[in-house]
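Input: a single structure, listed below in structure tokens.
Please treat every number below as a calculation from the coordinates, not as lab data. These figures come from a predicted structure and were not determined experimentally.
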Amino acid sequence: MPIIDADKAKAVLAIKRSKNPGFAGIDNELYVQDNTWMLFGDAKAVIGELVKQLGSGGLH
């Protein structure tokens, strides 16, 4: 799996099922940075809804 420097991005959109740490039990520092937006839910469903809303002009 490729590694990206998401912490260096201007803005990060992270989609996660919950606030719980992952399998290793370690909190991800990226999730609490000021440039990170968190969306909670199933990634496939969340992306599908985002695409739908953006296509209809529904997000303001």
Which labelled figure in (i) -1.01, -1.23; (ii) -0.92, -1.11; (iii) -1.11, -1.22 is log10 I(q)/I(0) by the Debye sum over Cα atoms at q = 0.23, 0.28 Å⁻¹, once derived from the coordinates: (iii)
Degrees, to the nearest 10: 43-56 long Cα axis against longest axis of the chain: 30
Counting only C-alpha contacts under 8 Å and six or more residues apart, can you give the relative contact order of region 6-56 as a whole percent? 42
